[in-house]
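The values are calculated or read from the model by the stated rules, or taken from the named source; none is laboratory data. Predicted model, so just to flag it, every value in this text is computed and none were measured. Keep in mind that these areas ignore ligands, DNA and RNA; they rest on the heavy atoms of the full protein, side chains included. Shrake-Rupley method; radii C 1.70, N 1.55, O 1.52, S 1.80 Å.
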Amino acid sequence: MQRDTRQRRVIRRVFMNVGRPLTAGEVLERGQRMMPSLGLATVYRNVKILAGEGWLSEVELPGGGLRYELAERPHHHHFLCRVCDSAFDVDRCPDKVEELAPEGFEVDGHELILFGRCAACR
């Protein structure tokens with residue numbers, strides 16, 4: 001386990017306060033409000049460390065860079081705003097999604113991504 005630096009504590013606080021998947025740039029923007037000297041290289045290094053330790057999970061969404069979110073979340077999906085490119089959690093899972101598979105196929109997992117405009121961009 002890596003040592004707990006002031007920068008890492010700020011980055012953790014960003015994720016705990018926001019509660020949605022964030023890009024490194026979004027982490028930097030919010031983190032600099034608490035620590036103006038926080039740099040992008042420090043954010044990238046620390047989110048990779050926190051993901052490696054299992055505290056963060058990587059989220060890959062179409063058309064955007066890698067995002068990170070708190071790892072200990074139950075199964076959920078995402079909404080991606082086409083205007084501001086922000087990602088949000090969708091906590092509900094559609095019923096009987098397995099029935100969408102072709103006849104004779106076995107589903108062992110699924111992902112659902114909703115696209116549109118978030119409340120702020122609407």
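Computed quantities for the displayed model
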| quantity | calculated |
| --- | --- |
| Separation of alpha-carbon centers, segment 88-122 and segment 34-56, rounded to whole Å | 29 Å |
| Residue-averaged [θ]222 nm for the chain, counting only DSSP H segments that reach four residues, each worth -39500 (n - 2.57) | -9500 deg cm²/dmol |
| Gained length - L40 relative to L112, 0.36 nm times residue gap less alpha-carbon distance | 22.9 nm |
| Solvent-accessible heavy-atom area per residue, rounded to whole Å², over the chain at 1.4 Å | 66 Å² |
| Max mean-square fluctuation residue, GNM over the chain, Cα-Cα springs under 10 Å, options S37, S57, S86 | S37 |
| By accessible area with a 1.4 Å probe, ligands and nucleic acids excluded, highest first: order of D108, D89 | D108, D89 |
| Surface share of carbon and sulfur [accessible, 1.4 angstrom probe, percent] for segment 39-80 | 54 percent |
